[in-house]
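The values are calculated or read from the model by the stated rules, or taken from the named source; none is laboratory data. This is a predicted model, so every value here is computed, not measured. Virtual Cβ from ideal backbone geometry, glycine too; neighbours counted across all protein chains shown. Remember, those area values only see protein heavy atoms, side chains included, never the ligands or the DNA or RNA. Shrake-Rupley method; radii C 1.70, N 1.55, O 1.52, S 1.80 Å.
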Amino acid sequence: MKALPLLLAALLAPLPGAASGPDAAVPGDPSGALPEDHRTLTKSTSYDAMAAFLKAIDGKGPVAVSVEGSTAQGRSLFLVHARGSAAPTFRVLFYAQQHGDEVSGKDALLYLLRDLARDPKLLPPEVDLWVMPMVNPDGAEAGTRRNSAGADLNRDHVTLFQPETEALHRVARRVRPHLAVDAHEFGRDQEEWTRKGWEKWPDITMDGLNNPHFDRERVAAAKRWVDASAAPLEKAGHRFLRYWVGGAPPDDEQRHSAPDADGGLNGIGAYGGLSFIIEAAVRHEAPNPQADLGKRVDAYLVLFRRFLEGGGRRAEDRAVVEKAWARPLPAFLPSDALWVNPDGTVTEFPVVELATAKTIRVPTANVMTDVAVKRSVPTPRGYAVEPAAAPEIGALLARHGLGFEKLAAPRTVTAESCALLRVEEEFDDLYGRYGGRTIVKRGAAKTTELPAGSLWVPLEGPDALRAAILLEPTAMYGLWQYPRLKALVAWDGTIPVRRVVALAAPAGAPR
């Protein structure tokens, strides 16, 4: 960062005889942005107050602050780095406030950083911590879910059209975290619940990565963290459930976090580490929704601190992640998946009765517990992008840091073309499927000549999984749901990305 102004630097200079250097304690929050006790917090930290706070702790203890990028309105995207030792071995990425009106995760991260600046020994020596406390500063200042371009950043992890998500993925590629956490909030007093005389029961929820492309060991390791979170949160006075979305029980469906790659949970999970989403509960219709902000921050801190401490499974987590990094692609790629309740299990779903404040449990068989793969396709050798689509798709690949070759001369391959039949724009109430479903017909493999100017994207190396998730044309929630990319599809529905199944035509094959 730029040097502090002289006056501020003088104010922050250690007193005579005070400790100095990397282990010096920060006696308080020099910027004045944070109340001493987070549990008293009733107002979220603004962008300007956060910027002042981060400048104040930059260089204190293990904390180093930099700027990773900027928003459309020119606000800085701050990145904080703190190492527990000179050679940490376990990389952690925390990020918050993708949705500008969801604040408690950001505030909890600021308190976590304050504590590390005060007492560096709170950070275990093996931990290499990276924090983006406010991913959406423009939305935060406007008090809106979306950014200043009107985009929902937590639906932009496939296209990376927005500078905020592009910066976050740039950090994820550079850091390659063993563990990442995306911090959000949910409304506990939604109308369909209050009409029944209820509000949602948990104070905080969490779930782990669940995209069907991810190996079962990594998904199971994340689930163990989720299952082990209830006890410490209850001990601290917070009610916990595994993250879920959906309508009210017993008739409506409830399901765990979406398995799609366009959200941070699975978008960042595609880099091979453990990935989590956390949401704290807020009463949006209360006279002052931030009256209990301190309680939400406290619940978040319980979880953040447990992740840093390792929960007794640091070696296990590292082994699972490093095995995932080395894992080759499977023989088949899932192209369609959905949440199911395979055994029709009845769940006693807790809700709070508004009239009595008592917890009641509603029996329901509509809690979907597992991601089921409905369709898969053979894994190709790679993907070929037609020359006309190369500028747009090439820019997309560059935003993701994925390598490709632009063909200088024609190349013969065996490839499958795919046709987009339609895009289902509406939410499917019957099956609980999100809008944006792309219905694609896969063609037969044929010997074909890729013209010069085509892009060749091989499925090899450590980025193969991310390339497959991004480019597979048969994916039900693929690229062609986005209008800017759908415009690349030919008039007859031909998708400009081919599945290459062999790099050269078999001997004697017809041309």
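Pick from the range 85-98 the residues that are surrounded by fewer than 23 Cβ atoms within 10 Å (Cβ to Cβ) and in contact with a helix residue (DSSP H, G or I) (Cβ under 8 Å, 6 or more places away or on another chain): which of them is nearest to Asp317 (Cα to Cα)?
Out of the qualifying residues, it is Phe90.
Which one of these does Arg216 not meet: (1) crowded, with 19+ Cβ neighbours inside 10 Å; (2) closer than 26 Å to Ala172 by Cβ?
Of everything listed in (1) crowded, with 19+ Cβ neighbours inside 10 Å; (2) closer than 26 Å to Ala172 by Cβ, Arg216 misses just condition (1).
Of the residues Thr438, Thr474, Thr448, only one is open to solvent by 20 Å² or more (accessible area, probe 1.4 Å) and of a type in the set (Val, Ile, Thr); which?
Within the list Thr438, Thr474, Thr448, the selection yields Thr448.
Within the set of pairs 6 or more residues apart or between chains, which connect a residue that is farther than 17 Å from Ala49 by Cβ and among the hydroxyl-bearing types (Ser, Thr, Tyr) inside the range 128-156 to a residue that is open to solvent by less than 10 Å² (accessible area, probe 1.4 Å) and in a loop (DSSP other than H, G, I, E, B) with Cβ atoms less than 6 Å apart?
Note: pairs meeting the criteria are Thr144/Gly100.
Quick one: in the range 29-56, which of the residues that are under 26 Å from Arg173 (Cα atoms) and of a type outside the set (Gly, Ala, Ser) is most open to solvent (accessible area, probe 1.4 Å)?
Among them, the one singled out is Lys55.
For the range 278-316, how many residues are in a strand (DSSP E or B) and open to solvent by less than 10 Å² (accessible area, probe 1.4 Å)? Quick ask: steps written out before the conclusion?
Taking the range 278-316 first, the residues in a strand (DSSP E or B) are 278-282.
Among the residues that remain, those that are also open to solvent by less than 10 Å² (accessible area, probe 1.4 Å) are: 278, 280-282.
Summing the residues that are in a strand (DSSP E or B) and open to solvent by less than 10 Å² (accessible area, probe 1.4 Å) in the range 278-316 gives 4.
Quick test of your reading of the structure: Gln254 fulfils all but one of (1) closer than 28 Å to Thr194 by Cα; (2) modelled with pLDDT under 95; (3) open to solvent by 10 Å² or more (accessible area, probe 1.4 Å). Name the failing condition by number.
Just one mismatch for Gln254, condition (3).
When you go through (1) open to solvent by 10 Å² or more (accessible area, probe 1.4 Å); (2) closer than 25 Å to Thr42 by Cβ; (3) in contact with a strand residue (DSSP E or B) (Cβ under 7 Å, 6 or more places away or on another chain) one by one for Ala142, which number turns out not to apply?
(3)
Which residue pairs have Cβ atoms under 6 Å apart, sit 6 or more places apart or on different chains, and have a first residue in the range 286-298 that is farther than 23 Å from Glu191 by Cα and a second that is among the polar types (S, T, N, Q) and surrounded by fewer than 20 Cβ atoms within 10 Å (Cβ to Cβ)?
Gly294/Thr40
Can you find a residue that is of a type in the set (Val, Ile, Thr) and closer than 26 Å to Ala180 by Cβ anywhere in the range 49-63? Give the steps one after another, and end with the answer.
Going residue by residue through the range 49-63, those that are of a type in the set (Val, Ile, Thr) are 57, 63.
Going one step further and asking which of them are closer than 26 Å to Ala180 by Cβ, we end up with 57, 63.
Yes, because at least one residue in the range 49-63 is of a type in the set (Val, Ile, Thr) and closer than 26 Å to Ala180 by Cβ.
Looking at Arg218, Arg195, can you tell me which residue is over 23 Å from Ser76 (Cα atoms) and over 16 Å from the mean Cα position of the chain (by Cα)?
That would be Arg195, the only listed residue that is over 23 Å from Ser76 (Cα atoms) and over 16 Å from the mean Cα position of the chain (by Cα).
If Val181 meets every condition in (1) of a type in the set (A, V, I, L, M, F, W, C); (2) under 20 Å from Val103 (Cβ atoms); (3) buried (at least 23 other Cβ atoms within 10 Å of the Cβ); (4) in contact with a Lys or Arg (Cβ under 9 Å, 6 or more places away or on another chain) apart from one, which number is that one?
(4)
Among the numbered criteria (1) under 21 Å from Arg375 (Cβ atoms); (2) in contact with a Ser or Thr (Cβ under 9 Å, 6 or more places away or on another chain); (3) aliphatic (A, V, I, L, M), which single criterion is violated by Ile439?
(2)
Restricting to the range 482-502, name every residue that is charged (D, E, K, R) and over 27 Å from the mean Cα position of the chain (by Cα).
Matches in the range 482-502: Asp492, Arg498, Arg499.
Restricting attention to the range 209-263, which residues are in contact (Cβ under 8 Å) with a residue 24 or more places away in the chain, more than 18 Å from Val367 (Cβ to Cβ) and among the hydrophobic types (A, V, I, L, M, F, W, C)?
Selection gives Leu209, Phe214, Ala221, Ala222, Trp225, Ala228, Leu233, Ala236, Ala261.
Return the residue satisfying two criteria in turn: it lies in the range 147-178 and is under 19 Å from Phe304 (Cα atoms) and not aliphatic (A, V, I, L, M), and of such residues it is surrounded by the fewest Cβ atoms within 10 Å (Cβ to Cβ).
In this case the residue turns out to be Arg176.
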